[in-house]
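S.K.: The structure follows.
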Ligand SMILES: [Zn+2]
């Protein structure tokens, strides 16, 4: 399927180094972006579907790099079905598992831990809830595992490893397993801050610097923050990504935003929700944190969007998160919410409002055009201008 999006007002690339793209048109073919900028009229006419963006803002599909998936589109923590599809209506086209720790009765023996990660990885490889791409199967590092176990599941495709929920006496004991997971090509992640479940201890700056994971999960606290003095230390002494989460401490999110700019480390700041958890299902969590960073954290809206898209993609080595030819066709149209005080999406975000989502394309498929079921309505009228496919992509306004 070829899709053209025309009359785009602003194109935010998702790339910190070049946050805007000139032009008003994006063309996709199957699951890839073909053109971002401008296109000849005949190229647009040759598309199966043309979406009139009506001056709204195009951004890459949001990547939530901390979602507590289990199996299917179901969260046992909040007994809710269909939440991932709901997040797609908040502009999230990619979710990355924070480990399948919420699976009821999760095993702790080596065979069980490995089987859980492999099964989750393989279940979501071909299952897109609501059209969302889910990267699942994050192995929970436990004392029962050794380096060979990690090599075995890496061969099965598992590429995410999580420190923080294992039955270790101190968090320093994770270090050899984190190093082994890295050696097998995995992206390593680590719980940060006060304990989130009974029995686990606090993980702070000393632990993170000893462990050196790729990502400090919810660096702002999940939900309880580590000491303020540790933020500057891990930024200056470490090189890990700094993941700020909606379901955490807002004051330390803003502290981290300030320090990462001060130390020229904005490229390490990434956005996620850390949901569903005790804080609930939050379909608009990514949009809230983008808005908090821009309206309170002194980060330009286009940079806050990059932290939620291209920076997440770079840290997790994903082929999405940036609007550029050849990248995955994951595109969201956003706008100032209807009835607000601002004229466009970026001004609304800067104002602290939630951007309204007017269309979502993921994996090159149009998921809806018109009205998100979760955000306010857009100010402008995003619509299907022409359509040669026997399907109705419009959602009721
Ligand atoms: Zn979490």
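Readers should treat all values here as calculations from the given coordinates under stated rules, not as data from a laboratory. Remember, it's a predicted structure, so these values are computed and weren't measured experimentally. No Cβ is skipped: glycine too gets one built from the backbone with ideal geometry, and neighbour counts run over all protein chains shown.
S.K.: Report, in whole Å, the centroid distance computed from the Cα atoms of the stretch 342-377 and the stretch 216-256.
M.R.: If we compute the Cα centre of each part, the gap is 28 Å.
S.K.: Report the relative contact order of the stretch 196-283, percent, no decimals, based on alpha-carbon pairs under 8 angstrom and at least 6 residues apart.
M.R.: 28 percent
S.K.: With just the Cα atoms defining each centre, how far is the stretch 1-67 from the stretch 116-188? Give it in Å.
M.R.: 34 Å
S.K.: In 10 Å bins starting at zero, report the fraction of Cα pairs in the stretch 306-397 per bin as a rounded %.
M.R.: Over the stretch 306-397, the share of Cα pairs per 10 Å bin runs 17, 39, 35, 10, 0 percent.
S.K.: Still on this structure, please answer the following. Mind computing the radius of gyration and Dmax over the alpha-carbon atoms of the stretch 197-322? Å is fine for both.
M.R.: 13.6, 40
S.K.: Could you calculate, for the stretch 49-167, the ratio of the Cα radius of gyration to the Kirkwood radius, expressed as Rg to Rh?
M.R.: On the Cα set of the stretch 49-167, Rg over Rh gives 1.06.
S.K.: Sorted from fewest to most neighbouring beta carbons within 10 Å, what does the list 174, 288 look like?
M.R.: 288, 174
S.K.: Within 10 Å of each residue's Cβ, count the other Cβ atoms and sort 281, 357 from fewest upward.
M.R.: Ordered by Cβ neighbours within 10 Å, fewest first: 281, 357.
S.K.: Helix-only mean residue ellipticity at 222 nm, the chain, DSSP H runs n ≥ 4 weighted -39,500 (n - 2.57), per residue, nearest 500. What is it?
M.R.: -7500 deg cm²/dmol
S.K.: Still on this model: Taking Cα pairs under 8 Å and at least six residues apart, what relative contact order does the chain come out at, in percent?
M.R.: That works out to 20 percent.
S.K.: Out of all Cα-Cα pairs in the stretch 264-343, roughly what percent, to the nearest whole number, are more than 23 Å apart?
M.R.: The answer is 28 percent, as a whole percent.
S.K.: How big is the stretch 186-271 on each of its three principal axes, counting only the C-alpha atoms and giving the largest first in Å?
M.R.: Projected onto its principal axes, the Cα set of the stretch 186-271 covers 37, 28, 23 Å.
S.K.: Could you check how many percent of all C-alpha pairs in the chain are farther apart than 40 Å?
M.R.: Cα-Cα pairs in the chain separated by more than 40 Å: 13 percent.
S.K.: I've got another one for you. Could you give me D for the stretch 238-308, from Stokes-Einstein at 10 °C and 1.306 mPa s, where the hydrodynamic radius is the Kirkwood radius over C-alpha pairs? Units µm² s⁻¹, please.
M.R.: 132 µm²/s
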